[in-house]
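S.K.: Take a look at this one; I'll ask things after.
The values are calculated or read from the model by the stated rules, or taken from the named source; none is laboratory data. Note that this is a predicted model, so its numbers are computed, not measured. When we count neighbours, we look across all protein chains shown, and the Cβ atoms used for this are built from the backbone with ideal geometry, even at glycine. Remember, those area values only see protein heavy atoms, side chains included, never the ligands or the DNA or RNA. Shrake-Rupley method; radii C 1.70, N 1.55, O 1.52, S 1.80 Å.
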Amino acid sequence: MAAPMELFCWAGGWGLPSVDPDCLAVLTYARFTGAPLKVHRVTSPWRSPSGRLPALKTQDEGTISKMQQIITHLRKQKYNADYDLSATQGADTLAFVSLLEEKLLPVLIHTFWVDAKNYVEHTRKWYTETIPFPLNFFLPNCMHKQHLERLQLMWGDSYMEDEEKLEKELYRDARECLTLLSQRLGSQKFFFGDSPASLDAFVFSRLAPLLKAKLPNGKLQQHLKSLQNLCNYCTSILSLYFPWDGGEPPASVPRAAGADGGDTEEDPHKRRNQLLSVLVGLAAMLGYAFLSGIVSIQRGGTGLAGRQPITLEEEEEEEEE
């Protein structure tokens with residue numbers, strides 16, 4: 001029997017199976033299609049075989065690290081949520097995905113990663129508390145920088161010219177996008193009727209974090225909450241496909257092993273990651289010590305008693321204690 005495909009994704013939080021939209025899209029698509037994945041919910045990209053999340057480890061194509069490529073691979077394995085769609089519905093899927101990428105995604109990045117209040121009090125706080133020491137000291141800042149650069153690529157040079165005016169226009173476009181989605185969904189269970197498709201996985205992965213996060217500055221979130229059918233849509237998908245995967249399952253209800261398609265919270269590279277964490281932490285502490293003057297390398301000879309700086313060996317012993 002062939003080994004199951006392994007999916008590495010960010011851990012859950014905020015009542016969601018994963019806080020990362022791309023990871024959430026892949027998880028949702030896999031649940032829609034019944035793809036047999038062994039899921040590793042991890043708290044650092046370093047625990048992924050590719051160093052990125054999401055990542056799908058396969059037997060025939062190695063490790064795939066982009067959301068759309070992972071979904072394409074699942075389709076090749078005959079796990080196709082769009083199998084019954086008509087040509088018109090397929091075209092609608094492409095159009096709405098493009099609309100979300102252009103109008104909604106930049107504002108979601110801004111909401112979680114650029115808005116100062118949301119980033120400091122919500123996003124960075126969650127990642128700092130979730131990512132293991134010592135990576136939690138610098139990984140959130142690296143991610144923040146990456147999202148800033150991504151946003152600047154999306155918005156172009158105009159982002160630097162009049163940031164306030166551009167943000168106002170983009171938030172207006174994002175609200176219009178949400179309203180259009182609400183109108184398109186109407187009273188249906190999913191966007192194309194009673195069965196979920198890839199568009200539903202993509203829309204859900206973008207809306208659910210915005211709906212569930214406790215944002216101190218929720219300009220766009222308030223508009224989403226005013227669209228009741230989109231809120232019910234997200235809640236329905238969570239209850240149907242992720243009944244105990246919201247990041248915080250009730251303590252009184254233990255999850256049976258293998259009961260949800262092989263999902264697991266285990267760390268597949270525990271020993272390697274422990275060693276890497278120790279090495280990174282030691283390097284960071286030594287670097288700080290050298291730069292701050294706490295530690296210095298002395299050449300031969302003796303100095304005045306009581307005025308010698310701490311030696312390297314002594315500093316390491318103090319940190320280990």
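S.K.: Applying 1/(1 + (r/R0)^6) with R0 = 22 Å to the Cβ-Cβ distance of THR63 and SER86, what FRET efficiency is obtained, to the nearest 0.05?
M.R.: With R0 = 22 Å, the Cβ-Cβ based efficiency is 0.05.
S.K.: In terms of modelled amide H atoms, which long-range or inter-chain residues lie less than 5 Å from the amide H of THR63?
M.R.: So THR63 has HN proximity to THR58.
S.K.: If you count only protein heavy atoms with a 1.4 Å probe, what accessible area per residue comes out for the range 68-210, rounded to a whole Å²?
M.R.: Per-residue value: 51 Å².
S.K.: Mean separation of Cα pairs under 8 Å and 6+ residues apart, divided by the residue count of the range 48-195: what relative contact order is that in percent?
M.R.: Dividing the mean separation by the residue count of the range 48-195 yields 17 percent.
S.K.: Can I ask one more? Can you pull out the chymotrypsin sites (Phe, Trp or Tyr not before Pro) in the range 106-148 that DSSP calls coil and that have at most 14 other Cβ atoms within 10 Å?
M.R.: Sparse-neighbourhood loop chymotrypsin sites (Phe, Trp or Tyr not before Pro): PHE138.
S.K.: Share of the range 107-230's accessible area from carbon and sulfur, percent, 1.4 Å?
M.R.: 50
S.K.: Determine the alpha carbon to alpha carbon distance for each of LYS66/LYS145; LYS66/LYS165; LYS66/LYS214 and list only those over 25 Å.
M.R.: Where the Cα-Cα span goes over 25 Å, the pairs concerned are LYS66/LYS165; LYS66/LYS214.
S.K.: Moving to a separate point now. Restricting to DSSP loop positions (anything but H, G, I, E, B) with no more than 13 other Cβ atoms inside 10 Å of their own Cβ, which trypsin sites (Lys or Arg not before Pro) remain in the range 70-114?
M.R.: LYS78
S.K.: Also: Give the carbon-plus-sulfur fraction of the accessible surface of the range 1-94 in %, rounded to a whole number; probe 1.4 Å, heavy atoms of protein chains only.
M.R.: 50
S.K.: Among the GluC sites (Glu not before Pro) within the range 55-145, which fall in a DSSP loop and have no more than 13 other Cβ atoms within 10 Å of their own Cβ?
M.R.: Answer in residue order: GLU61.
S.K.: OK, next. Around VAL39, which amide H atoms from residues at least 5 apart in sequence, or from another chain, sit under 5 Å from its own amide H, with H modelled in the peptide plane?
M.R.: When sequence neighbours closer than 5 places are left aside, the close amide H contacts are LEU7, ASP263, THR264.
S.K.: Pairs of alpha-carbon atoms within less than 8 angstrom and 6+ residues apart define the contacts here; what relative contact order does the range 1-50 have, in percent?
M.R.: Result for the range 1-50 is 48 percent.
S.K.: Ok, one more. For the residue pair VAL120 and LEU94, what label-to-label distance in nm results when each label sits 7 Å from Cα along the Cα-to-beta-carbon direction?
M.R.: The modelled label-to-label distance comes out at 4.5 nm.
S.K.: Tell me, what is the FRET efficiency for ASN217 and ASP173 to the nearest 0.05, using R0 = 30 angstrom and their Cβ-Cβ distance as r?
M.R.: Efficiency computed from Cβ-Cβ geometry: 0.95.
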